[in-house]
Amino acid sequence: QQRLHTELVTSYAISPIGMFTLDAQERFIRMNPVLESMLGFNIAQHPDARWTDYFPALDWEELTQKAHANEDVEITAKKRHSSDKTKHFAIRAVIVDKKIEGSLQDISAHTALIEQLRVLAGKDPVTEALNQRSLEEAVAQALSQLKNTPACLLYLNVGHFKNIRSLFGYSIGDALLSQTRRKISANLNVNHELGR
């Protein structure tokens, strides 16, 4: 029993996941060092700290059901200061003896990467202008609003581009395209789309 207790305490202390216990009023009773680091405080300093001081209110019964179904729920931490970065967490929690036992995993980097991939999926990697798929969507949207808003489509061709790439290489060709995009973008307003 002593060995199991030691293993449990060690796991609680060094797990890369924030672990916590809340009382019936959603006050933090316990938290491991990882969660203290994530939130920037410990219970000794703030004995009255509540869940809703740091996170949105949650339906703990629903979270218990999802935990039993082996499902995580994604939540976003409240910003304590306007300069704070947005933090995203995956949470699992269950109600046990009128207390809430839970774990938090910081997925901010993962969420940022997914958002970056979503943005890149619609952009040309060389010029950062809309790619063909996104440009087609923008044209379709403009056509659907044509009765209410006038629209136009302008097509430009960079003269002798193939010769430039052949003579000076792909990196110079890419630099020319990027510079062309910057010059055109400088003359567009926020309602204009530019694609390659």
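The values are calculated or read from the model by the stated rules, or taken from the named source; none is laboratory data. Predicted, not measured: the structure shown is a model, and the values here were computed from it. No Cβ is skipped: glycine too gets one built from the backbone with ideal geometry, and neighbour counts run over all protein chains shown. The accessibility values were calculated without ligands, DNA or RNA, using every heavy atom of the protein model including side chains. Shrake-Rupley method; radii C 1.70, N 1.55, O 1.52, S 1.80 Å.
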Inset, instruction - Collect the residues in the range 114-132 that are of a type outside the set (D, E, K, R) and either under 26 Å from LEU176 (Cβ atoms) or assigned to a loop (DSSP other than H, G, I, E, B) (or both), keeping them in residue-number order. - result: GLN116, VAL119, LEU120, ALA121, GLY122, PRO125, VAL126, THR127, ALA129, LEU130, ASN131, GLN132
Legend entry - Matching entry among ALA109, ALA175, ALA140 (being of a type outside the set (Val, Ile, Thr), under 30 Å from GLU62 (Cα atoms), without any contact (Cβ under 8 Å) to a residue 12 or more places away in the chain and out of contact with any strand residue (DSSP E or B) (no Cβ under 7 Å at 6 or more places or on another chain)): ALA109
Inset, instruction - Give GLU193, GLU101 a once-over and let me know the one that is over 30 Å from ARG27 (Cβ atoms) and either among the acidic types (Asp, Glu) or assigned to a loop (DSSP other than H, G, I, E, B) (or both). - result: GLU193
Inset, instruction - Give the residues of the range 178-190 that are part of a loop (DSSP other than H, G, I, E, B) and open to solvent by 100 Å² or more (accessible area, probe 1.4 Å), sorted by residue number. - result: ASN187, VAL190
Inset, instruction - Name every residue in the range 71-88 that is farther than 14 Å from LEU104 by Cα and open to solvent by 60 Å² or more (accessible area, probe 1.4 Å), in order of residue number. - result: LYS78, LYS79, ARG80, HIS81, SER82, SER83, LYS85, THR86
Legend entry - Subset of the range 47-70 that is loosely packed, with under 14 Cβ neighbours inside 10 Å and over 17 Å from GLU101 (Cα atoms) - its residue that is modelled with the highest pLDDT: ASP48
Legend entry - Within the range 85-100, tally of residues that are in contact with a Lys or Arg (Cβ under 9 Å, 6 or more places away or on another chain), farther than 15 Å from PRO16 by Cβ and of a type in the set (D, E, K, R): 2
Inset, instruction - Return the only residue of GLU128, GLU137 being surrounded by 12 or more Cβ atoms within 10 Å (Cβ to Cβ), touching a helix residue (DSSP H, G or I) at 6+ places or on another chain (Cβ under 8 Å) and farther than 30 Å from MET38 by Cα. - result: GLU128
Inset, instruction - Could you tell me whether LYS123 is open to solvent by 70 Å² or more (accessible area, probe 1.4 Å), farther than 22 Å from VAL190 by Cβ, in contact with a Ser or Thr (Cβ under 8 Å, 6 or more places away or on another chain) and not acidic (Asp, Glu)? - result: no
Legend entry - Whichever residue in the range 97-118 is surrounded by fewer than 11 Cβ atoms within 10 Å (Cβ to Cβ) and of a type in the set (A, V, I, L, M) and, among such residues, is nearest to the chain's Cα centre (by Cα): ALA109
Inset, instruction - Being outside any strand (DSSP E or B), under 21 Å from the mean Cα position of the chain (by Cα) and under 10 Å from ARG92 (Cα atoms) is the filter here, so list the residues in the range 64-78 that pass it. - result: GLU71, ASP72
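Quick grid of which residues meet (1) open to solvent by less than 50 Å² (accessible area, probe 1.4 Å); (2) closer than 22 Å to GLY122 by Cβ; (3) assigned to a helix (DSSP H, G or I):
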site	(1), (2), (3)
ASN148	no, no, no
ASN163	no, no, yes
GLY173	yes, no, yes
LEU176	no, no, yes
